[in-house]
Amino acid sequence: MNLRAIQTIYLFEMDRMRRTVAQSVISPVISTALYFIVFGSAIGSRIQQIDGVDYGAFIVPGLMMMTLLMQSISNAAFGIYFPRFVGTVYEILSAPISAMEIVVGYVGAAATKSLIIGLIILATAHFFVAIEIRHPVWMLAFLVLTCVTFSLLGFIIGIWADNFEKLQLVPLLVVTPLAFLGGSFYSIKMLPEFWQTVTLFNPVVYLISGFRWSFYGQADVGIAVSLSMTFAFLVVCLGVVWWIFKTGYRMKP
């Protein structure tokens, strides 16, 4: 494995975070803080607790997960799309590095940036609510797994997109609604039985449920099911990336 090539791609992408710190870090943190203020204060005054957890603390895992999904996709999608847009991707493809090394460099950087933002949001949440993390190791595991999985999805979107509008199409029209309807701000147990069943077809439910379990030991879906669904989606994304490099889909003229 060409570690120098991976390091070069990784550090170049990480340096983008430093150059655009206002957009990459400050903006998502402020947006999430506003969610804490609006939902924690306005709705929290009407809904005191859910499953024995204060509402302000209950929504922390959902807000973190929602931000992680969006940031992971956006970072990875733009990271690979921009070289395609300016044509420098052909220099990367012609270099003596493998497809796996390219993916590890871009996806690793995108996942790292999302992980940093997630930890900053977690630290920020302590200023608003009292948070308990019962399973810190599982919490970090879910963070890393989510960042890597959705960075892979963002990498796929960045290759599929042929203009800047398409880069935002899936995050805004697909991922955001799924995150809002996936239990970010409520427990799916609060829904009528029919809608509970429908909600289980939303893959984001399993991410948020498992992540919330790592905080409070309570989940809408079993932890084993959450992990299985997340790993299944990871495998699907890896399969799509493998197919892209095997066929050269939108990577070669």
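The values are calculated or read from the model by the stated rules, or taken from the named source; none is laboratory data. The structure displayed is predicted, hence computed values, not measured ones. Cβ atoms come from the backbone with ideal geometry, glycine included; neighbour counts cover every protein chain shown.
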Item to complete: Tell me which residues, restricted to the stretch 155-177, are surrounded by fewer than 18 Cβ atoms within 10 Å (Cβ to Cβ), of a type outside the set (Val, Ile, Thr) and within 19 Å of the chain's Cα centre (by Cα).
Response: Trp160, Lys166, Gln168, Leu169, Leu172, Leu173, Pro177
Discussion item. Checking the structure you have, find out if any residue of the stretch 31-54 is under 18 Å from the mean Cα position of the chain (by Cα), without any contact (Cβ under 8 Å) to a residue 60 or more places away in the chain and assigned to a helix (DSSP H, G or I).
Written reply: yes
Worksheet item: Give me the pairs: first residue in the stretch 201-226 and more than 23 Å from Ile73 (Cβ to Cβ), second residue in a helix (DSSP H, G or I) and among the β-branched types (Val, Ile, Thr), beta-carbon distance under 6 Å, and six or more apart or on different chains, which are they?
Response: Trp213/Ile223; Asp220/Ile188
Discussion item. Take the residues in the stretch 63-104 that are crowded, with 18+ Cβ neighbours inside 10 Å and either in contact with an Asp or Glu (Cβ under 7 Å, 6 or more places away or on another chain) or aromatic (Phe, Trp, Tyr) (or both); name whichever of them is nearest to Leu181 (Cα to Cα).
Written reply: Phe78
Item to complete: Mind counting the residues in the stretch 2-16 that are within 28 Å of Thr124 (Cα to Cα) and either of a type outside the set (A, V, I, L, M) or crowded, with 18+ Cβ neighbours inside 10 Å (or both)?
Response: 5
Worksheet item: Any chance the stretch 127-136 includes a residue that's modelled with pLDDT of 90 or more, assigned to a helix (DSSP H, G or I), of a type outside the set (A, V, I, L, M) and surrounded by 21 or more Cβ atoms within 10 Å (Cβ to Cβ)?
Response: no
Response to the item:
Those residues of the stretch 229-253 that are polar (S, T, N, Q) and under 17 Å from the mean Cα position of the chain (by Cα) come to a total of 1
